Amino acid sequence: MRQLMISVSFLALLLPATAMAQRVNQMPPKDPSSFSRLMKAHPAQPSAPTASNEAQTLPPDPAAETQAMAPLMSNGIVAVVNDAVISTSDLRARLGLALLSSGMPATPEIQKKLMPQVLRALIDEQLQLQEGKKNGISVSHEEILKAMEKIANDNKIPGGNIITFLESHGVPPSTLQSQIKSAITWNKLVMRELRPRVDVGDDEIENVIQRLRSNEGKDEYAVSEIFLSVDKPEDENAVRDLASKLAEQIRGGASFGALARQFSQGLGASSGGDLGWIQLGQLTPEIDEALQRLSVKDISSPVRDSNGYHILGLREKRTIALTAGKETKVKLQQAFRPFTANAKKEALLAEAAQIKDSVQGCDDLEGRLLRFYPLWQWQDLGEVQLSEAPEWLRDKAAHIPTGQASDPMATERGALILFVCERNAPEAINRDAIRSMIGTEKMEVLARRKQRDLRRDAYIDIRLK
C-alpha cells in the first residue's frame with residue numbers, strides 16, 4: 001500500500017502568504033514523500049511459519065477479529081452531533097484514509113485502537129462545519145479541487161489523479177473532500193473571528209529575546225510531536241494504548257508527519273507535528289526531561305504530563321547562537337615568516353606555537369614581535385567582513401576567540417598566525433518573525449479553546465461501543 005501524506009493544514013491551507021505567521025527558525029518535518037519511500041510503507045506479507053517462529057505466526061483468531069471489528073460491520077449511526085449524524089460508512093471510510101495516509105497495517109487490532117480517535121476527528125469536523133454554516137462561511141468546489149491538486153502534487157501521485165488513487169485503495173474520494181472542506185471552513189472562521197483578537201506587545205517580544213540571550217550556548221531541539229489529550233479519567237487507558245501503538249508504528253516505518261496530521265491534537269498537527277526549535281523550559285518539565293534523553297532521529301515512548309500523552313521525535317539538535325556569522329566583521333593582524341633553507345617548515349611551525357602561547361592580545365603586537373621574534377613579519381589586515389573573505393580565512397577567523405591567535409598554519413610560502421583583535425557580530429534576531437511566532441501560538445490556543453467550547457455546548461451522542 002502506498003502511503004499518502006495528506007496535509008490538510010489548519011492555519012495555512014490555501015491562504016495567501018500574508019495570512020500565515022512563520023515560526024522562528026522553523027524546520028520542516030523530515031517527512032519523506034518520494035514514490036519509492038511511500039511504496040515501502042506496504043506491510044510485508046507474513047512468511048510461512050518455521051519451527052523457530054511457528055508460535056509467533058499462528059493464524060489470527062477469526063472470532064476475535066470479528067468481535068474487534070463488529071462496530072463497523074453493520075450499517076447504522078455511530079454518533080449524533082447536534083442535527084447531523086456520523087454513520088458507520090463514514091467511520092469506515094475515514095479509518096481507511098487514516099491507514100492509507102499513515103502507512104499503518106489495516107489489522108483489526110490497529111483499527112480498533114484508531115477508531116475512537118478517528119471518530120473524535122469526525123465529530124470535531126462536524127462541529128467546525130456547523131459553526132462555519134452558522135457564521136455564513138462557504139467553501140467552493142474550486143477551493144476543494146485546488147487543495148486536492150496540491151495534495152496530489154505534494155505526494156507525487158502518478159498522473160496527479162488523486163481521485164483514481166484513492167479509489168484504487170478503497171477510499172471514497174468524498175472522504176478526503178469532506179476533510180478538506182472542514183479544514184478550509186475552520187481556517188476561514190479562525191482567521192475571521194480569532195485573528196483580530198490576537199495582539200502581541202513589545203514586552204512579549206523582549207521577553208523572548210531575553211530568553212534567547214540567556215540560553216545562548218545551550219542546546220535547542222528541532223521537535224516533532226503527536227499530542228493526545230486525556231479529557232476524562234476514564235479515557236486514560238485508551239489514550240495511553242493508542243499513544244503506545246502510534247509510537248510503535250512510527251518506529252516500524254510509519255510516517256510521523258502523516259500520523260500527526262490525522263491524530264494529533266497539538267498545536268503543530270497541521271504541519272506534521274512540527275514544533276520548530278524548542279529550548280528547555282518552553283514546554284513542560286516532563287517533555288524537557290524526555291528531550292534530554294533522546295538522540296537525534298529517535299522517537300520517544302509516550303510522555304505523560306498534566307494534559308495528556310506526547311510522542312516526541314527529535315529531528316535535530318544544535319547550539320543556540322544569536323550572531324549572524326556571515327555578517328560578522330573582525331579586525332585581524334598576522335605574523336608571518338617565510339620558509340628558507342635555514343628555516344624549515346617543522347621548525348617555523350614550532351616557533352609559531354611558541355608565539356601563540358607567549359603573545360596574548362593585539363596590543364603592541366608589532367613591537368613585541370620586533371623585540372622577541374624579529375624574523376617574523378607583522379601586518380595589520382584591517383577589518384574584514386567574513387562573508388567576503390576567502391573560505392579558509394572565514395573558517396579560521398570565525399572560530400578564533402577575540403584577543404587570541406589561531407593555530408599555526410603552513411602556507412605555500414611560509415608559516416602564518418592570525419590574531420583576532422576585535423569582533424563585531426550583530427545579533428541574528430528578527431523581531432517580526434518573533435512577533436509572528438507569538439501571534440501564531442496565541443491564535444492556535446484560541447482555536448483549540450473554541451473547539452473545546454463547541455464540543456462542550458453541543459449535543460453529542462456517541463453510539464460506538
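The values are calculated or read from the model by the stated rules, or taken from the named source; none is laboratory data. Since we're looking at a predicted model, the values are computed, not measured. Glycine gets a Cβ as well: all are built from the backbone with ideal geometry, and neighbour counts include every protein chain shown. Heads up: the accessible areas ignore ligands, DNA and RNA and are worked out on the full protein's heavy atoms, side chains in. Shrake-Rupley method; radii C 1.70, N 1.55, O 1.52, S 1.80 Å.
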Self-check item: Filter result for A352 (surrounded by 18 or more Cβ atoms within 10 Å (Cβ to Cβ), over 19 Å from the mean Cα position of the chain (by Cα), assigned to a helix (DSSP H, G or I) and not hydroxyl-bearing (S, T, Y))
Solution: yes
Exercise. For the stretch 343-356, state whether one or more residues are closer than 30 Å to I320 by Cα and without any contact (Cβ under 8 Å) to a residue 60 or more places away in the chain.
Key: no
Self-check item: Where a residue in the stretch 277-292 is open to solvent by 60 Å² or more (accessible area, probe 1.4 Å) and its partner, wherever it lies, is among the aliphatic types (A, V, I, L, M), with Cβ under 7 Å and at least six apart
Solution: E286/V303
Self-check item: Pair list, Cβ < 6 Å and 6+ apart or interchain, from the stretch 220-242 residues that are among the polar types (S, T, N, Q) to residues that are assigned to a strand (DSSP E or B)
Solution: S224/D274; S224/G313; S229/G308
Practice problem: Report, by residue number, each residue of the stretch 415-455 that is in a strand (DSSP E or B) and either among the acidic types (D, E) or open to solvent by 50 Å² or more (accessible area, probe 1.4 Å) (or both). | Solution: E422, R423, N424, E427
Quiz item: How about the stretch 91-175: which helices (runs of 4 or more DSSP H) wholly inside it have at least 3 residues that are under 30 Å from R192 (Cβ atoms), among the basic types (K, R) and without any contact (Cβ under 8 Å) to a residue 60 or more places away in the chain?
Solution: 108-134
Quiz prompt | Residues within the stretch 129-176 that are of a type in the set (S, T, N, Q), open to solvent by less than 80 Å² (accessible area, probe 1.4 Å) and within 19 Å of S271 (Cα to Cα), tallied | solution = 1
Exercise. Would you point out which residue out of L259, L291 is under 16 Å from D241 (Cα atoms), assigned to a helix (DSSP H, G or I) and of a type outside the set (D, E, K, R)?
Key: L259
Quiz item: Is there a residue in the stretch 188-210 that is farther than 26 Å from D124 by Cβ, among the polar types (S, T, N, Q) and surrounded by fewer than 16 Cβ atoms within 10 Å (Cβ to Cβ)?
Solution: yes
Self-check item: Subset of the stretch 390-414 (residues that are under 14 Å from F336 (Cβ atoms), in a loop (DSSP other than H, G, I, E, B) and open to solvent by 40 Å² or more (accessible area, probe 1.4 Å))
Solution: P408, T411, E412, R413
Quiz item: Could you say which residue among G257, G281, G253 is under 12 Å from the mean Cα position of the chain (by Cα) and at pLDDT below 90?
Solution: G257
